[in-house]
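Read through the structure below, which is laid out as structure tokens, and then see the notes.
Throughout, read-outs are computed from the coordinates displayed, never taken from laboratory work. All figures in this text were calculated on a predicted structure; none of them were measured in a lab. For neighbour counting, all protein chains shown are included, and Cβ atoms are generated from backbone atoms with ideal geometry for every residue, glycine included.
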Amino acid sequence: MAKSTSKTAPKMANLTAAKPKTKEPAVKAVKAKTETGDLIIASSTEVENLTRAKALKLAPELIEAEGINDFKLGGVLQRIQEEKWWEGNDYENFKDYIESGLGLPYRKCMYLVNIYEKLVAAGIKWADVKSIGWSKLRFIIEVLTE
């Protein structure tokens, strides 16, 4: 994926309000939940097994989806950052990839990465946090994971 030539990439105020272009990510999440019994376990397993190509393809798709995908987007971005998969695509750094390549606010993405990491590390189930939006969850994540 080449760097966007436009520095005015569209910003999305709320990822959960976007409608998915396809049903594929939601179908995968539902199937994974059925197989494991929990969306956080299923999603984190899928994210941890991503390849570079799949992660770079999946991040923009997740922006268009709703529900569990804010959590999953945090995981995908964490993998892209950890593995430095944004390198070699004409981005100066990870922040440039987030803002120019994906058109998202860097701070929000880092909140999503933190939420992903803390929920997975603490073994918190999706049912326990599904009614809490990411913007509230970012404030209470430290208490939830103690």
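So the values come out like this:
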{"item": "Pairs beyond 23 Å (Cα-Cα), from LYS84/LYS108; LYS72/LYS136; LYS57/LYS95; LYS84/LYS130; LYS84/LYS125", "result": "LYS84/LYS130; LYS84/LYS125"}
{"item": "Rough spin-label spacing in nm, given labels placed 7 Å along Cα→Cβ, for THR45 and GLU87", "result": "3.1"}
{"item": "Net length gained if the chain between ASP96 and GLU142 were fully extended (0.36 nm per residue, minus Cα distance)", "result": "13.8 nm"}
{"item": "Segment 72-89-segment 131-146 distance, computed between alpha-carbon centres (Å)", "result": "22"}
{"item": "Segments 92-102, 131-141 sorted - mean Cβ within 10 Å per residue, highest first", "result": "92-102, 131-141"}
{"item": "Cβ crowding within 10 Å averaged over residues, with 46-56, 116-126 ranked highest first", "result": "116-126, 46-56"}
